[in-house]
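Please treat every number below as a calculation from the coordinates, not as lab data. Treat the numbers as computed from the prediction; the structure is a model and nothing was measured. Here the Cβ positions follow ideal geometry from the backbone for every residue, glycine too, while neighbour counts run over all protein chains shown.
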Amino acid sequence: MSNKTPKPNLSFWQIWNLSFGFLGVQFGFALQNGNVSRILQALGADVHHLGYFWLAAPIAGIIIQPIIGGASDFTWNRLGRRIPYIVGGAIMATLAMFLMPNSEIFVAFLPPMIFGAIMLLIMDASFNITFQPFRALVGDMVNDKQRDLGYSVQSFLINTGAVVGSALPFILTAWGVSNEPDTAAGQKVADSTVWSFYIGGATLILTVLWTAFRTKEYPPKEYAEYNNIDVSAQSDEESLAKPKDSFIDTLIKSPKVMIQLAAVQLCSWVALYFMWVYSTPAIAQHIWGTTDTTSKAYNEAGDWVGIMFAAYSLAAALFSIAMPILIKTFNRKAIYSGALICGGIGLASISFIHDQYTLLIPMVGVGMAWAAILAMPFSILAENLPADKMGLYMGIFNVTIAGPQIFAGLFGGAIATSFFDGNTVGLLTFAGVLLIIGAFCVGIVSDKKPATEE
């Protein structure tokens, strides 16, 4: 049976509004990636134990994303299908961003390091609640012809938010905001970081509300017609709000491409985790020659890592614009694997660079890889998922993102100690090798949409 009604083409600005909230979410996520390690170290965490603190985030993702994905598949109310979860997650993430850099204020209730770790858990869990429905929303609303464009626009907005979020502490410092905590007054986190989190939280909630008010999801009957879903004699909402298979049955019926993509995801997300968690201590030791987390040099290194992250995010945003054109000229898998190779070479080259400004060059390759990682797997996956279980399968697929990060969190410190004599810059080299391996794994992925029965 063919679809009764094809999905309409959306205007560019409709596609833009679908993902605009992701700009704010990634603004906050970039601040987390670039600054949480130094916040936790300032609160008393040991550098070799940082990975353990970050473990809470992927574990939360494994639990939360399938639940949120499945729930959003069967939610139909005045706000829509995915948008209630997007807004709810954004509110929680904003509160956590406001509280985390002020962890020492709550010392009467919990030690600052423990409070900071709890805020990291809440922040990342909230990002997970928001991320998954956003990705499913594009799959819901955009037709096959515009799918690569839809996920490329999403990738562009993600990276635009990341550019500003990553660079913000550096920018505020340049504007005269203090980059050193007032330790005499008991302050543990510098004002530049604190204000960056305030601005990031406000941006997050405002952009998500823009998407919520500017996007109208397809009502149940229309959605069913566009996706060839049979509904019973019950009301459309009742029929579509009831799962037809158990979770175990759904898992067993997972499309084969999910398994194929898992190998690529394993390499990609272990590499990204090492980069996010260990870049600040690695660059501080490698370029600034310090491991003292309270020193001015260490905070300068942390700010420069923010600039590096902004550079790769800018490169990713620009590459996101080019991706739809490159995919048409070559093919999706060639662009995916080529981008991963560029990212791998970029990360692996850092240990050979001894000038802070030269560090911006390899970030171009990292940005290309990041743009591909954000868009390609979800574009491939969306073509192979049943429309009535889009959110649930997207949530299950998150295991291929969170699982590798759990592995990296458990063993990252041990790998640095055992193979790189405790020097965390070695983990960045290892991350580069993993991205190159992931590029070769792309070859096993079948990105062709399965034939449908007439």
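Hey, can you rank 80-87, 21-28 by average C-beta count inside 10 Å, highest first?
21-28, 80-87
Order these peptides, 368-376, 58-66, by their mean beta-carbon neighbour count within 10 angstrom, highest first.
The densest-packed peptide leads the list: 368-376, 58-66.
If I model a spin label at residue 321 and residue 433 as a point 7 Å from the Cα along the Cα→Cβ vector, what separation in nanometres do I get?
3.7 nm
Any chance you could run the full-extension gain for residue 206 through residue 144? It's 0.36 nm times the residue separation minus the Cα-Cα distance, nm to one decimal.
Residue separation times 0.36 nm, minus the Cα-Cα distance, leaves 19.3 nm.
Say each of residue 290 and residue 256 gets a label point 7 Å from the Cα, pointing the same way as Cα to Cβ; how far apart are those two points in nm?
Placing both labels 7 Å beyond Cα along the Cβ direction yields 5.6 nm.
Starting from the Cα of residue 216, step 7 Å toward the Cβ, then list every residue of region 70-104 with an amide N under 15 Å from that point.
What the label zone holds, given the 15 Å backbone N cut-off, is 78-81.
Full-extension gain between residue 345 and residue 444, please, as 0.36 nm times their residue separation minus the C-alpha to C-alpha distance.
Residue separation times 0.36 nm, minus the Cα-Cα distance, leaves 33.5 nm.
Pairs of alpha-carbon atoms within less than 8 angstrom and 6+ residues apart define the contacts here; what relative contact order does the chain have, in percent?
Computed value for the chain: 28 percent relative contact order.
Suppose the chain between residue 92 and residue 13 were pulled fully straight at 0.36 nm per residue; how much longer would it get relative to their current alpha carbon spacing?
25.7 nm
Would you mind ranking 214, 135, 78 so that the residue whose beta carbon has the fewest other beta carbons within 10 Å leads the list?
Ranked by crowding around the Cβ, least crowded first: 78, 214, 135.
What distance in nm separates the simple spin-label points at residue 78 and residue 417, each placed 7 Å from Cα in the Cβ direction?
Label-label distance for residue 78 and residue 417, simple model: 5.7 nm.
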